[in-house]
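Colleague: Pasting a structure below so you can have a look.
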Amino acid sequence: MEFAIIGCGTIAQIMHIPNVLEVPDAELAALCDPAANVTDELGDRYNVAPERRYSDPERLIDESADDLDAVIVTTPMQTHADVVERTLTAGLHTLVEKPLAVTPADADRLADVAAQSDATAMVAYNRRFELAYERLADELADVEHIDSVTAYAVDADFSKSLPEIYDLVEPELDAAFIERSTDRRREQCKQAIGTDDDELAAAYDFQLEHVCHDINALRGLFGDVVAVDHVDFVRDGYFGIAHLVFESGERCLLQTGDSERHWHEQFVRIDAPDRTLRLEFDHPFVKYNSATLSVRQGAEETVDCQYSPTREESFKRELERFMACVRGEREVPTPVSEARDDVELIASLFTQSLE
């Protein structure tokens, strides 16, 4: 299966490109990024022919769609809607990084495009492909009653450690290009939550990219959110709590934020009358850094179990699942329609807090 990578930034270089090279039956056929130094160096590094290195997604699609099977879209989120609409319209199977889009309107547009396309469309929520996450779903089948759910996600500054771990190619882009891209992103964030406030738009920008993983992970366990009982943002929107009610009846306290801490902390805790289950995620940019599930159970005596899978990479399992979906062997677990609902929910947290 021949792949093009559209957008060759950090997550593409760390995860998506190496995984395409490592997964059987996948082949890296083309690269696309506005920074020529990135496609040149990565093209040389991974033996991608010079004529298959592009700076513009439109040109890649026009010239190479007939020779490709699939694309992985890892461009900045403000470009997802336009790029994914073009790839799906061209009949290219598409795996797009989260979040699906910045505005609910664009996310809804992509849901319509995906429904009308014969191509497979899947959103890259890699947390859903952690073995410990799947184990948690299995464990929940034996839980008769859930008292409460807590989801906690507070980011550290990952950029501090990445250069020490990976040989990343930094883009060389002119200031005018960066300014146009930044302005477009800011305007989309303002449109999404109906504000003219730059600071609030910046907070939505952070939260959308940050908490969509948690929203989707909860969706996979408990279904759709049917109500939001309370929302409270502090620190200009960079730290917040929300009380979510799911269609299955579970209630969740969601806490999400940014920090200056050195460590990343992200977990889902489920309390039942006879047990507590805690799914803990580690540094999201470190390969083979698997999530861990801890179970403490017992009314008369306490039994502690910990499930810590090794040698499994969630991004690689995600790619393998996507390829199985393309072949018609599996159903898409993270469809565009659900990712649209994630964008709408996160935007609604901000609009509700403004009321």
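Colleague: Calculate the length of the line joining the C-alpha centroid of region 236-275 to that of region 143-210, in whole Å.
Modeller: 18
Colleague: Return the sequence-ordered ³J(HN,Hα) values of region 248-263 in whole Hz as given by the Karplus equation 6.51 cos²θ - 1.76 cosθ + 1.60 applied to θ = phi - 60°, using x for Gly and Pro.
Modeller: 7, x, 5, 10, 10, 8, 9, 10, 9, x, 10, 8, 9, 5, 7, 10
Colleague: May I ask you to list the chymotrypsin sites (Phe, Trp or Tyr not before Pro) in region 262-328 that are in a DSSP loop and have at most 13 other Cβ atoms within 10 Å of their Cβ?
Modeller: Numbers: sites: TRP263, PHE267, PHE281, PHE285, TYR288, TYR307, PHE315, PHE322; in loops: TRP263, PHE285, TYR288.
Filter output for region 262-328: TRP263, TYR288.
Colleague: What part of the accessible area of the chain, given as a whole %, is carbon or sulfur when the probe is 1.4 angstrom? Write down the numbers at each step before the final one.
Modeller: Working: 6980 of 16120 Å².
Ligands and nucleic acids excluded, carbon and sulfur give 43 percent.
Colleague: Same structure, new question: Could you give the nm distance between label points at ASP157 and GLN306, where each point is 7 Å from its Cα heading toward the beta carbon?
Modeller: 3.0
Colleague: Before anything else, pin down the relative contact order of the chain: Cα pairs under 8 Å, at least 6 apart, normalised by residue count, whole percent.
Modeller: Working: 675 pairs, mean separation 72.1, N = 355.
Normalised by residue count, the contact order of the chain is 20 percent.
Colleague: Quick one: what are the phi-derived ³J(HN,Hα) couplings along region 331-343, Karplus 6.51/-1.76/1.60 with θ = phi - 60°, whole Hz, x for glycine and proline?
Modeller: 7, 5, x, 10, x, 4, 4, 6, 5, 4, 4, 5, 4
Colleague: In square angstrom, what is the accessible area per residue of region 105-209 with a 1.4 angstrom probe? If you can, show how the numbers build up before the last one.
Modeller: Values: 5430 Å² over 105 residues.
Accessible area per residue: 52 Å².
Colleague: While we're on this one: Given the chain, what percent of its DSSP beta bridges are antiparallel, to the nearest 5?
Modeller: Of all bridge pairs located within the chain, approximately 60 percent are antiparallel.
Colleague: Rolling a 1.4 angstrom probe over the protein heavy atoms, how many square angstrom per residue are accessible across region 302-355?
Modeller: Details: 2790 Å² over 54 residues.
The answer is 52 Å² per residue.
Colleague: Loop-only check: which GluC sites (Glu not before Pro) in region 182-281 are DSSP coil with at most 11 other Cβ within 10 angstrom?
Modeller: Working: sites: GLU187, GLU199, GLU209, GLU247, GLU250, GLU260, GLU265, GLU280; in loops: GLU247, GLU250, GLU260.
Within region 182-281, the qualifying GluC sites (Glu not before Pro) (loop, at most 11 other Cβ atoms within 10 Å) are GLU260.
Colleague: Okay, moving on. With θ set to phi - 60°, apply the Karplus curve 6.51 cos²θ - 1.76 cosθ + 1.60 along region 273-289 and write out the HN-Hα couplings as whole Hz, x wherever there is a Gly or Pro.
Modeller: Residue by residue, region 273-289 yields x, 10, 7, 10, 10, 10, 9, 10, 9, 9, 3, x, 9, 10, 5, 6, 9 Hz.
Colleague: When all C-alpha to C-alpha distances in the chain are sorted into bins of 10 Å, what percent of pairs does each bin hold, rounded to whole numbers?
Modeller: Here the calculated profile for the chain is 5, 24, 34, 26, 9, 2, 0.
Colleague: Turning to a different aspect of this structure: Based on the alpha-carbon gyration tensor of region 43-191 and its eigenvalue square roots a ≥ b ≥ c, which shape applies: rounded if a/c is under 1.5, prolate if not and a/b is larger than b/c, or oblate? Walk me through the intermediate numbers first.
Modeller: On the way: a/c = 1.61, a/b = 1.40, b/c = 1.15.
Prolate.
The values are calculated or read from the model by the stated rules, or taken from the named source; none is laboratory data. What you are looking at is a predicted structure, and each value in this text was computed from that prediction instead of being measured. No Cβ is skipped: glycine too gets one built from the backbone with ideal geometry, and neighbour counts run over all protein chains shown. Accessible surface is based on the protein model in full, side chains and every heavy atom, while ligands, DNA and RNA are left aside. Shrake-Rupley method; radii C 1.70, N 1.55, O 1.52, S 1.80 Å.
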